[in-house]
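Trainee: Okay, here's the structure, questions in a sec.
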Amino acid sequence: MNEFLSASFAFPTILFSAALVVVAGFWLLVLLGAAEHDAFDGDVGSGPAAGLAGVPVAVAASLLILTGWFVSLAGAVPLRRSGLTGGAYAALACGLLIAAALAAWVVTRGLLHPLAKLFPDERAPSRQDFIGLTCTIRTGRVDTAFGQAEVAAEDGATALVQVRLAEHDLRKDPTGLTAGSTGLLYAYDEDGEFFWVAPYGSLESAA
């Protein structure tokens, strides 16, 4: 046990041991419900440039650190038994660190392909999903600068969105969209963060 602890807290294994403590703490928080397993994903995925895409960042990083720690520990034990000191020991320790990092990358990359099947890609919801859907007007009027409507997504969830009526539609029928009437969301304005809407009945007739 003393030899195990000595090797775990000696260079280079100490670097992986410290990271392993952080990883263990993170997964403990996940088990307790205080964190999500994909909390660090953001918009960068799992490091596609390093060949580690397909699983959450936390999973890939945990595999890297665990594998690196094991390889480093396995090499540190015989290195300490060798009795080397000074520059020779430092050089071999640095080489062991590089070997452990490379081995961790190779092993993790090999494990990610089967693991990726457990984490299917899920497209994030987008406001563009509402385009082409009908909505129910919830304000007394809709014009070029004002209006709200309720729209139901495919999963049944409803949302209250900002809507605007184009000038040419407003000239055709100033009272075409009032509270309770049905409209069609046909475009989204990214700058204004609202949907362009048209009277559903008029579009149906035109079609």
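Trainee: Give the residue, chosen from LEU102, LEU63, that is surrounded by fewer than 16 Cβ atoms within 10 Å (Cβ to Cβ), farther than 20 Å from GLU3 by Cβ and at pLDDT 75 or above.
Mentor: From the options LEU102, LEU63, the qualifying one is LEU102.
Trainee: Kindly indicate the residue of the range 173-195 that is outside any loop (DSSP other than H, G, I, E, B) and hydrophobic (A, V, I, L, M, F, W, C) and also surrounded by the most Cβ atoms within 10 Å (Cβ to Cβ) among those meeting that condition.
Mentor: PHE195
Trainee: Would you pick out the residues in the range 124-167 that are over 24 Å from the mean Cα position of the chain (by Cα), exposed (fewer than 14 other Cβ atoms within 10 Å of the Cβ) and closer than 16 Å to ASP189 by Cβ?
Mentor: Those that are over 24 Å from the mean Cα position of the chain (by Cα), exposed (fewer than 14 other Cβ atoms within 10 Å of the Cβ) and closer than 16 Å to ASP189 by Cβ: GLY132, THR144, ALA145, GLU167.
Trainee: Right, something else. Please give the number of the condition LEU170 fails out of (1) over 26 Å from the mean Cα position of the chain (by Cα); (2) outside the structural domain of ALA58 (by TED's automatic domain parsing); (3) modelled with pLDDT of 85 or more.
Mentor: Only one criterion in (1) over 26 Å from the mean Cα position of the chain (by Cα); (2) outside the structural domain of ALA58 (by TED's automatic domain parsing); (3) modelled with pLDDT of 85 or more is unmet by LEU170, namely (3).
The values are calculated or read from the model by the stated rules, or taken from the named source; none is laboratory data. Computed from a prediction, not measured in an experiment: that's the story for all the values here. Because the Cβ atoms are built from the backbone with ideal geometry, glycine has one as well, and the counts that use them run over all protein chains shown.
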